[in-house]
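The block underneath contains the structure these notes are about, expressed in structure tokens.
The values are calculated or read from the model by the stated rules, or taken from the named source; none is laboratory data. Predicted model only: the values in this text are computed from it and were never measured. Heads up, the Cβs are rebuilt from the backbone with ideal geometry, glycines too, and the neighbour counts pull from every protein chain shown.
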Amino acid sequence: MNNNIKGLFLIIVGMLFIITQDVLIKYTIHDASLMQILVFRGVVGFLLLCLYLISTKQPIFFGTAHPYIAIFRGLTFFLGFTLFFISLSQITLAEATSLFFVSPFFITIYSYFILNIKIGLNRIFSIFVGFSGTLLIIKPEFNEINIYMLFPIIAASTYALSMTLAKKTSIKDNLYQQTSHIYMGAFIGGSVTSILLHNLSFNVSIFSILSNPWILNDFLIIGLILIISITGSLGIFFLIAAYRVGSPLVNSITEYVHLIFAIIIGIIIFSEVPDINSFIGIFLIMVSGIFVVFRENRRNELVVAETTLRT
């Protein structure tokens, strides 16, 4: 088995773990505390990362040469995925997942401003097509818009910013350091948010789901949260392994299998059938995203493994 086939296999397995995490969060988010889930997942991911480094006899060092950027990345990552998981409580799994996959377009935009990578007309056109796909999914009206449809897009923008900054700081901070900063951000952000929500009056309806209390005496909920934490962390490790052995181009394109998983599982488990406009929008996002990957690979400017640090 050549390395590209190994990478493709690892990507598919990793995406199965990631979609399992997303499904379980969507299933439990109305009953469990999202902050509890994010804190537990941060702790479990950090511990698994330490075990991996110990088992491979690599040094455990989670400091950074860019402390302010590391803090900013960790917190924006936490904010973005908090919004993404909130959106799962109100829109379909396929819609949330497909809207998140506009991240390659944001990476292209950030790369221009942060990494000084030029953007050609072809990529500008592909960005336009991709965002046109998001409008077909969101279906905005002049007098009303579903705010929850915007959350995955915000998550995609914060994720893309984090990935671009990871590329910028990659000379002095290695992948494991950068990953640990994301876990720390989830732990600190989730803990502080939980404390603030517990002590302050919070009545914003669109974020009301954040006020769910921590559950420590329901073994079913605790078990589901642990499974979420483990599957999410394993998904990340499989993706890291994929990009270490396989072609970034093949891996980045294969990641779109996540969208297919989301559509199929959403239909089977949650009876969520996207309408024709959503299907067209998903198709446009996939095609334009794949085109961006091809263009950046051709120019040898692939910013970062698309989902290597997705947590």
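Just a few scattered comments:
- Against the list (1) over 16 Å from the mean Cα position of the chain (by Cα); (2) modelled with pLDDT under 80, the condition N217 fails is (2).
- In the range 100-114, the residue that is nearest to the chain's Cα centre (by Cα) out of those that are in a helix (DSSP H, G or I) and of a type in the set (V, I, T) is I107.
- Among the candidates L99, L75, L121, L115, residue that is surrounded by fewer than 13 Cβ atoms within 10 Å (Cβ to Cβ), among the hydrophobic types (A, V, I, L, M, F, W, C) and modelled with pLDDT under 95: L121
- Selection of first residues in the range 261-281 that are farther than 24 Å from V13 by Cβ and of second residues that are surrounded by fewer than 18 Cβ atoms within 10 Å (Cβ to Cβ), restricted to Cβ pairs under 6 Å at least 6 apart or on distinct chains, gives the following pairs, ordered by first then second residue: V273/I267.
- Just one of the listed residues (I107, I171) is under 23 Å from I69 (Cα atoms), exposed (fewer than 13 other Cβ atoms within 10 Å of the Cβ) and either at pLDDT below 90 or of a type in the set (G, A, S) (or both), and it is I171.
- Among the residues of the range 174-200, those identified as in contact with a Leu (Cβ under 8 Å, 6 or more places away or on another chain), at pLDDT 90 or above and of a type in the set (S, T, N, Q) are S180, T193.
- Number of residues in the range 9-61 that are within 24 Å of F261 (Cα to Cα), polar (S, T, N, Q) and in contact with a Ser or Thr (Cβ under 9 Å, 6 or more places away or on another chain): the value is 2.
Yes/no per residue for (1) more than 21 Å from L197 (Cβ to Cβ); (2) among the charged types (D, E, K, R):
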position: N3; (1), (2): yes, no
position: K6; (1), (2): yes, yes
position: F9; (1), (2): yes, no
position: L16; (1), (2): yes, no
position: V23; (1), (2): yes, no
position: F40; (1), (2): no, no
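- Being under 27 Å from Q177 (Cβ atoms) and acidic (D, E) is a condition met by at least one residue of the range 14-22.
- The set of residues in the range 198-213 that are under 21 Å from G80 (Cα atoms) and either among the polar types (S, T, N, Q) or under 24 Å from the mean Cα position of the chain (by Cα) (or both) comprises N203, S205, I206, F207, S208, I209, L210, S211, N212.
- Only residues that are basic (K, R) and without any contact (Cβ under 8 Å) to a residue 24 or more places away in the chain were counted across the range 112-129, and they come to 1.
- Residue, nearest to Q177 (Cα to Cα), within the range 23-56, restricted to residues that are among the charged types (D, E, K, R) and buried (at least 20 other Cβ atoms within 10 Å of the Cβ): R41
- Subset of the range 242-275 [surrounded by 18 or more Cβ atoms within 10 Å (Cβ to Cβ), modelled with pLDDT under 85 and within 25 Å of A186 (Cβ to Cβ)]: A242, Y243, N251, S252, E255
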